[in-house]
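Down below is the structure, laid out as structure tokens.
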Amino acid sequence: MSSDSPFPPSSSADGAPSIEQLLLDWHLNRMDDSGAAWIEKELSQSADLQFKNDNLRRILEPLDALQAPPAGRLAENVLNFVRSASGENGGTQAPERRAVPTSAPVDRGPRIFPFVRFREMVAVAACFVVLVGISVPTMSELRGRAQRTACADNLSAIYRGLSAYQSSFGGALPYAGSANAAAWLPGSTGSSASNSRHAFLLAKLGFVSDDSDFVCGGSDVTPTEQRAVHASAADFASPANISYDTINLAGAGPNLRPSPTVAYIGDRNPLFLQARFNDLLDPDRTNSPSHRRKGQNVLTLSGAAQFVRSPIIGEAKDNLWLADGIRKYTGTETPAHADDSFLVPGFSTSR
């Protein structure tokens, strides 16, 4: 782990938290942003910590599957029930309580609902509302964190396939060839060529065997059934087979010696949704929609898969969403230089 970490790597005599405790705090959203960023950095660098994280994530998966009811609806239902039981609805009066004569036989059977004062029932309903108000955001955050972790696992699997591909092809990135006068963004210049066809080679040639690795659980893309990869296929079968955007390779040829700081694949670029460029967003501040715009998972060619809370990454302050220096797009733009991260979609027409 990093020597300059702000947290102790293991438990000690002075009661410092262990890395396992910190990892649990991270999953339960009990860390501030700096602590969370540190954990995410350590996960990208430590295989041992990734193994512990995978085990912990499997333990916490039942929490992610739990569906909490909407707080407002629950509160409304409880209060309606209280009013009905107390006779407040429709001006109906509550049944009068009568004393039972001592000579009358007493029913000792179970009582379905005891007499309770209205304000006592309101207090109970208020407690329900408070509890739901606390639990619903917590469950939502736990679900979001689990999705981010699963998404980072997907990108790590893609990197393993990418690394194997580069070893087999002299260090080059997967490249399906150039398409003359074709735009990577459909509809602007006539002919188009999907940018995702390059990454498709990882699946087609078997370097990434699980198709679900190309679909982020936090996106609005619903994965299709696993498709068969035929020798004649040139791209993913549909947008439901890939929810990530990849490095723009629309130039004259692949980068044979790419910089390790360049982002290869990551969550969707928000500037190019629905097959058109959205110039109403601030590209320096907007995050991917895949994780409720809280940030994006990104895989660099160094092998680091991490969740970043800004599109500006690295010491060079490179913007994931833009080709360096370009602010307006028609779909023919390419990276400005070899170290320029520029993630663009494939299959934009169907997104």
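The values are calculated or read from the model by the stated rules, or taken from the named source; none is laboratory data. Keep in mind that what you see is a predicted model, and the values were worked out from it rather than measured. So basically every Cβ, Gly included, is an ideal-geometry build from the backbone, and we count neighbours across all protein chains shown. These area figures cover heavy atoms from the full protein model, side chains too; ligands, DNA and RNA do not enter into them. Shrake-Rupley method; radii C 1.70, N 1.55, O 1.52, S 1.80 Å.
Within segment 26-59, restricting attention to residues that are open to solvent by 40 Å² or more (accessible area, probe 1.4 Å) and acidic (Asp, Glu), which residue is modelled with the highest pLDDT? Quick ask: steps written out before the conclusion?
First, the residues of segment 26-59 that are open to solvent by 40 Å² or more (accessible area, probe 1.4 Å): 28-30, 32-34, 37, 41, 45, 47-48, 50-52, 54-55, 57-59.
Next, only the ones that are acidic (Asp, Glu) stay: 32-33, 48, 54.
Details: 32: 74, 33: 72, 48: 78, 54: 75.
The selected residue is 48.
Which condition number does residue 246 fail, the rest of (1) in a loop (DSSP other than H, G, I, E, B); (2) touching a residue at least 24 places away in the same chain (Cβ under 8 Å) being met?
Answer for residue 246: the failing condition is (1).
Which of the residues that make up segment 269-289 are over 18 Å from residue 324 (Cα atoms) and either open to solvent by less than 20 Å² (accessible area, probe 1.4 Å) or modelled with pLDDT of 95 or more (or both)? Step through it out loud before you land on a result.
Applying the first criterion (over 18 Å from residue 324 (Cα atoms)) to segment 269-289 yields 273-276, 280, 288-289.
Residue satisfying the conditions is 288 alone.
Let's see how each residue does on (1) touching a Phe, Trp or Tyr at 6+ places or on another chain (Cβ under 9 Å); (2) closer than 22 Å to residue 45 by Cα:
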| position | (1), (2) |
| --- | --- |
| 260 | no, yes |
| 265 | yes, yes |
| 274 | no, no |
| 285 | no, no |
| 294 | yes, no |
| 300 | yes, yes |
| 313 | no, yes |
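Looking at the structure I just gave you, is residue 310 of a type outside the set (Asp, Glu), within 28 Å of residue 49 (Cα to Cα) and touching a Gly at 6+ places or on another chain (Cβ under 7 Å)? If you could, list the steps in order and put the result at the bottom.
Values: of a type outside the set (Asp, Glu): yes; within 28 Å of residue 49 (Cα to Cα): yes; touching a Gly at 6+ places or on another chain (Cβ under 7 Å): no.
Considered against the rule, which asks whether it is of a type outside the set (Asp, Glu), within 28 Å of residue 49 (Cα to Cα) and touching a Gly at 6+ places or on another chain (Cβ under 7 Å), residue 310 comes out as no.
Among the numbered conditions (1) more than 26 Å from residue 171 (Cβ to Cβ); (2) modelled with pLDDT under 95, tell me where residue 256 comes up short.
(1)
When residue 18 is evaluated against the numbered criteria (1) open to solvent by 60 Å² or more (accessible area, probe 1.4 Å); (2) small (Gly, Ala, Ser); (3) modelled with pLDDT of 80 or more, which criterion, by number, is the only one it fails?
It is condition (1) that residue 18 fails.
Taking residue 179 as the residue in question, decide whether it is part of a loop (DSSP other than H, G, I, E, B), touching a residue at least 12 places away in the same chain (Cβ under 8 Å), closer than 17 Å to residue 345 by Cβ and among the aliphatic types (A, V, I, L, M).
For residue 179, the condition - part of a loop (DSSP other than H, G, I, E, B), touching a residue at least 12 places away in the same chain (Cβ under 8 Å), closer than 17 Å to residue 345 by Cβ and among the aliphatic types (A, V, I, L, M) - is met.
Name the residues in segment 293-337 that are hydroxyl-bearing (Ser, Thr, Tyr) and assigned to a strand (DSSP E or B), would you?
Residues of segment 293-337 that are hydroxyl-bearing (Ser, Thr, Tyr), as a first pass: 300, 302, 310, 329-330, 332, 334.
300, the sole residue that qualifies.
Which residues, counting only those in segment 272-306, are acidic (Asp, Glu) and in contact (Cβ under 8 Å) with a residue 12 or more places away in the chain?
The first filter runs over segment 272-306 and keeps only residues acidic (Asp, Glu), leaving 279, 282, 284.
279, 284, listed by residue number.
Which is small (Gly, Ala, Ser) and loosely packed, with under 15 Cβ neighbours inside 10 Å, of 193, 181? Please lay out each step first, then the result.
Values: 193 fails: loosely packed, with under 15 Cβ neighbours inside 10 Å.
Step by step, each of 193, 181 is checked, and only 181 is small (Gly, Ala, Ser) and loosely packed, with under 15 Cβ neighbours inside 10 Å.
Can you tell me which residues in segment 262-292 are part of a helix (DSSP H, G or I), closer than 22 Å to residue 145 by Cα and among the polar types (S, T, N, Q)?
Going through segment 262-292, the residues part of a helix (DSSP H, G or I) turn out to be 270-275, 289-291.
If we keep only those that are closer than 22 Å to residue 145 by Cα as well, we get 270, 289-291.
The one that is part of a helix (DSSP H, G or I), closer than 22 Å to residue 145 by Cα and among the polar types (S, T, N, Q): 290.
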